[in-house]
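Chemist: Here's a structure for you.
Nothing in this text is a laboratory measurement; each read-out follows from the coordinates by a stated rule. Treat the numbers as computed from the prediction; the structure is a model and nothing was measured. All Cβ positions, glycine included, derive from the backbone under ideal geometry; neighbour counts span all protein chains shown.
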Amino acid sequence: MPSLDPTGRFSSRVEDYILYRPSYPPEIVPLLAGECGLTAESTVADIGCGTGLLAKLFLDFGCAVSGVEPNTEMREAGDRLLARYPRFISVDGRAEQTGLATASVDLVTAGQAFHWFDPQAAHGEFRRILRAPGWVALVWNERLVTGDFLAGYENLMRRYAPEYSKVDHRRIGAGRISDFFEHRKWKLATFPNVQHFDWTGLRGRLDSSSYAPPRGDPSYEPLIAELRRLFDTHQNNGRVDFRYGTNLYYGRL
């Protein structure tokens, strides 16, 4: 079973991650512009940047983005996918030690990554690299458990993926967010998000998840067989929907 240390656990899943992980609603950017003063001249540090799904939103807005990512394979994938953006640089670092200069960024973001951080150490590091007023935005695509298909998928994860409950970011509630910000003045905005998968896409989405058993694991083929039955039962015109609520927690440190 792979380590819970995030540094290497996605190395074998990069291509599936690129193809099958959801992006983030573009409405995030104008909200942060209105609420946090984000402009095209802002400098963003995207922590746990991965393949650049969240960073791309800010690059399209015109921001300069430093993508901080500890996993070599994910960081190199981000470099390839974001190569056309001259205002993107990638950094070999992590939330607790980004490698960025003091007071060098206007906004710190983290997409689908905060649950890997040491919150206290990350708080101190973010304060160091942020310029006043010190905005942080934490984002998750939270897969909904509504309807028979998504409920069935959730049941398969709990049965076949022993690490699932340990890394499920839905365990992070308001208390942990308040502890991180060290106040309760943060805000939450939620946006709808959806992916439509054929069978190949659904299997790829499963394989992109760090907690899913890898190919070759004794539980992998039984899981795939049950996933196929679930797909066949609930598909509509050869597709099923993955529905998410994208949660954006934002506030000042």
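Chemist: For the stretch 146-152, just list the computed ³J(HN,Hα) in residue order, Karplus coefficients 6.51, -1.76 and 1.60, θ = phi - 60°, integers in Hz, with x standing in for Gly and Pro.
Modeler: 10, x, 5, 5, 5, 5, x
Chemist: Using only the Cα atoms of the stretch 20-122, build the gyration tensor, take square roots of its eigenvalues as a ≥ b ≥ c, and label the shape rounded, prolate or oblate: rounded if a/c is under 1.5, else prolate if a/b is larger than b/c, else oblate.
Modeler: rounded
Chemist: Using amide H atoms built in the peptide plane, which far-off residues or other-chain residues are under 5 Å from ALA113 H to H?
Modeler: VAL139
Chemist: Semi-axes, largest first, in whole Å: what does sqrt of 5 times each Cα gyration tensor eigenvalue give for the stretch 119-246?
Modeler: Working from the Cα gyration tensor, I get semi-axes of 34, 17, 12 Å.
Chemist: So what J values fall out for the stretch 39-46 if you push phi through Karplus, 6.51 cos²θ - 1.76 cosθ + 1.60 with θ = phi - 60°, rounded to Hz, Gly and Pro as x?
Modeler: The phi angles translate into 9, 5, 8, 6, 10, 10, 9, 9 Hz.
Chemist: To make sure I understand, if each residue's beta carbon is the centre and we count other beta carbons within 10 Å, what order do GLU69, GLU142 fall in, fewest to most?
Modeler: GLU142, GLU69
Chemist: Another question, if that's okay. Order of THR51, THR39 from fewest to most other C-beta atoms within 10 Å?
Modeler: Lowest count first: THR39, THR51.
Chemist: To make sure I understand, if each residue's beta carbon is the centre and we count other beta carbons within 10 Å, what order do CYS63, CYS36, CYS49 fall in, fewest to most?
Modeler: Fewest-to-most Cβ neighbours within 10 Å comes out as CYS36, CYS63, CYS49.
Chemist: Quick one: net charge of THR102's neighbours, Cβ under 13 Å, K/R +1, D/E -1?
Modeler: Result for the local shell: +2.
Chemist: Another one. Taking a ≥ b ≥ c as the square roots of the eigenvalues of the Cα gyration tensor of the chain, is the shape rounded (a/c under 1.5), prolate (a/b larger than b/c) or oblate?
Modeler: Prolate, because a/c is 1.5 or more and a/b exceeds b/c.
Chemist: Shifting gears a bit: Could you work out, for the stretch 166-218, what percent of all Cα-Cα pairs fall into each 10 Å distance bin, beginning at 0 Å and stopping at the bin that holds the largest distance?
Modeler: 17, 31, 29, 19, 4
Chemist: What order, most packed first, do the peptides 237-244, 75-82 have when packing is the mean number of other Cβ atoms within 10 Å of each residue?
Modeler: Averaged packing, sorted descending, gives the order 75-82, 237-244.
Chemist: Counting only helical runs of four or more DSSP H residues, what would the 222 nm mean residue ellipticity of the chain come to if each run contributes -39,500 (n - 2.57) and the total is spread over all its residues?
Modeler: My calculation for the chain gives -11000 deg cm²/dmol from helical runs alone.
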